[in-house]
1. To the nearest 0.05, what FRET efficiency results for residue 150 and residue 40 with a Förster distance of 45 Å applied to their C-beta separation?
2. Tell me, what is the Rg over Rh of segment 126-181, with Rh the Kirkwood radius over Cα pairs?
3. Could you check the simple spin-label distance between residue 133 and residue 101, using points 7 Å along Cα→Cβ, in nm with one decimal?
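Where a number appears in this text, it was derived from the coordinates with a stated rule and is not lab data. Just so you know, these numbers come straight off a predicted model, no measurement behind them. Virtual Cβ from ideal backbone geometry, glycine too; neighbours counted across all protein chains shown.
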Amino acid sequence: MWISVSCTALVVSLALLSAAPACAQDPEWSFNAKTPSPIQIPGWLPADSLRNALAYHEAADQIKGLAVDLNRDGAIDYILQYSREVCGTNCQYELIDGRTRRSIGLVGGSVVYIRAQAINGYPVINQYGHSSADSGSWSTLVFDGQQFVSVGTVWLEGAALEHLFGELKDVPYGEPRDNPR
């Protein structure tokens, strides 16, 4: 169910999330459809993940993504961008755990925020799905031990949306500065 929320409701929902068990993580960072660059695809990449990423690409060297250690276990994890040709305003990305070599979920939107807070060893992720010039959906995803799952989505518009992006304006775009790649 989509709802329009005020700034107060947004603050309350973010405060509830911060009450969840968590541990400190790295600085926050974000990415959008322009951030991923062509990446070298590891040979062990799950076939379904590769097929999804390649669905609208003509060659494997066109796959774009990010290679970053999301959970700080020493193994490089992959964020594969689905074909840019089908992104439109909002893109979808598949998350691949580098240690277990399996898909751990999908995220998407016009911008994805990797938060400093971690739950079950992985950072909390927020995604914003653009709908119009002043509205869209804001979702929170957490790792449940097996995959990333959505724990809440709100519809934001007008002043609430402006407030949210005002709060996030200093979150840097691109891979984290200490990316171990």
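1. The pair residue 150/residue 40 has a calculated efficiency of 0.90.
2. 1.05
3. Roughly 5.1 nm, to one decimal.
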